[in-house]
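Step one of this worksheet: look at the structure below.
The values are calculated or read from the model by the stated rules, or taken from the named source; none is laboratory data. Predicted model only: the values in this text are computed from it and were never measured. Note: ideal-geometry Cβ built from the backbone for every residue, glycine included; neighbour counts use all protein chains shown. In case anyone asks, the SASA skips ligands and DNA or RNA and just uses the protein heavy atoms, side chains included. Shrake-Rupley method; radii C 1.70, N 1.55, O 1.52, S 1.80 Å.
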Amino acid sequence: MSAWTNVVNSKGKKSAQQRCSQSALLSKSGDDGVRSFLSTFKTSPCTNFERHDYRKCNYYHDNDIRRNPYSIMYLPDDEDILSTAESVYHPMNYLTRICEEASNCPYGRYCAKAHQKSLVRNTAVARQEYNEHLSNMTLERKMHSKPSLGTYAPSLEKGLAPTASHNQRSTGWNMADQDHNLPKCSEYLFELPLDSKPWFLINSSNKFFSFLREMAMKEGLAQIEIRNNHWGEGEYGIAVRGSKDARERAVGELATYLFDPPSDFFVQQSKSLSSRVVKKLIKKTQSEINDMILERFAPHAFVEFSNNEIIICASNQSRSGDQIIYQVFEKLSFWIKQEGHDKFVDCDCCFDSFNLDEGLACRKGHFYCGGKDGCIGAMVKEQLERMQHQDNAISCSICQETIDTRSLAPHLSNETWLALEEARIDSKVKLRVEKLSHEFDKRLEAKIEEFMKEYGSLSGMVKVQAKQLAKQAQDDIMNLKCPHPHCRAPYAEFDGCMAIQCGSCKNYFCGYCHQGTETGSGAHSHVRHCLANETNNGSYYATPEQVKVAQRKHRTRELKKFLQPLKKDLQNATVLELEEDLNFHGIEKAALFEFGNLQREMEI
């Protein structure tokens, strides 16, 4: 979708909403403005079907859908983010950098970068705040997915078992409907419906259920009973019977073991699959999963899905759980190939087997695996520095075929993709500079050749003047002299300390820029801070090569000052007369010629 220009009102002025700044936008929600904004921005579809600028629209379009990061846990560099907007408008990234185009930003108040320094958020603080939110969110979910003493205490103290509706029970660990006329006594009944996996854990391993019953007894003589079809067909759970304190302790321990079963009774492994395969498997019923994948292992294994992963939990009761999981994965791979949902290929870099949509193949069929640590990312990183020498593109490492940059995006981490984009921009700039530099050098050579031809046709008077000026430049500039006007004694080239004392007048001066000083300490202080100092640390001392470079630059600066007042023909003729001296001291003639409008021609 292309970005349309701002829609203005009938008077040609932006509306009040468009004029609203970032600070005003965030202040509408008080102290928690960032969270309020990021919770809703581009999380709902746009219903405005007229032409408008999607960058300044609060709703999502084809390419900028977001989820609420405060209700759905994800990080800005996750592989499965829905769009670039999810990364740049993530709480860890939002407003952590200043916008360089704040005065004319195409995103306006909705820009992910701060338009005022006062709005810039500290990156470390932003990450810490979101990590704390993730921790709290995880704790909340565990509290809702596992019974806790705090959840049940109020109801139990009144002598009534907790209650919950049928819809609540379908979401996971919840409390069952109870008889509110239950008499107050020393023994209470607590009934707990279960999801499919906890029910599998209890029914697939007699040893595990015995372990839970023994645990309940140790926690205060509580008893655990199975409730099958207690609330309706296919709805099952357990009942915990015992005194108030015993039951509360038993329920807490029970939730812990069902949420994370001990490895003595169960083993669990996960495997990454393509999103296409996972979507097809999720649509299958439990009965269909049993027939296709589990078969005879159905009583001893349970299958669940998370993002682009399949997770298999197997019982260790009748045989090794690891063996069951291995055979189930083998059956899963066979089913995928048989159904033609995926084509497995070997990566030509790491030689591991992958689904075809888990990587990328060049036009000659060389396949590279993708993902955060995949071979595509490694190949891209390896080629970033030399992109300008390969047509500003990524190429196959085997056959050197160019790979479409857009096809790389789904297989790269956000960090690698941003590095690739920066490298492409840098490469374009360098290529442009090299092209302009080459064109300039060609024009420069042509101009110098033109000057050489014109020199022969100059009048005798101009040539005589040029020779006289060249002799003056040789005496006053090419021969280095003390800068003090009453002295002007020549001195030989040297190396060592650049705070120089004239051997004739005993005054001091800087060996870089030849500025005179009254004292030796003044000369040393000046050398340390001189703009022409060639050392990296502002040292008094310079190597012979650094001295040579400094003196060449000094002669060039002085020659330009000397030649500047002269007319073009006389200036260029003087430079040609000095050609031998210039070559001796390593000074480029091109730096001294008067080229007129050559630079202007280059810019055009």
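In table form, for the structure just shown:
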quantity: Spacing of the two label points (7 Å from each Cα toward its C-beta) at residue 296 and residue 264, in nm; calculated: 2.9
quantity: Cross-link pairs beyond the 25 Å C-alpha cut-off, checked among 279/343; 471/506; 442/463; calculated: 471/506; 442/463
quantity: Label-point gap, in nm, between residue 217 and residue 338 - each point 7 angstrom along Cα→Cβ; calculated: 4.5
quantity: The range 323-358: chymotrypsin sites (Phe, Trp or Tyr not before Pro) in DSSP coil with no more than 13 other Cβ atoms inside 10 Å; calculated: 351
quantity: Length added when fully stretched, residue 48-residue 330, from 0.36 nm per residue minus Cα-Cα; calculated: 96.5 nm
quantity: Rh (Kirkwood; distinct C-alpha pairs) - the range 470-543, Å; calculated: 12.7
quantity: Virtual spin-label span in nm between residue 102 and residue 398, 7 Å along Cα→Cβ; calculated: 5.1
quantity: Binned Cα-Cα distance frequencies in the range 313-405 - 10 Å width, integer %; calculated: 15, 33, 25, 15, 9, 3, 0
quantity: Within the accessible area of the range 289-393 (1.4 Å probe), percent carbon and sulfur; calculated: 45
quantity: Part-to-part distance (alpha-carbon centres) for the range 64-136 and the range 333-373, which is given in Å; calculated: 33
quantity: Longest to shortest principal axis, alpha-carbon extents of the range 24-136, angstrom; calculated: 42, 32, 27
quantity: Cβ-derived FRET efficiency at R0 25 Å, residue 353 paired with residue 288, nearest 0.05; calculated: 0.45
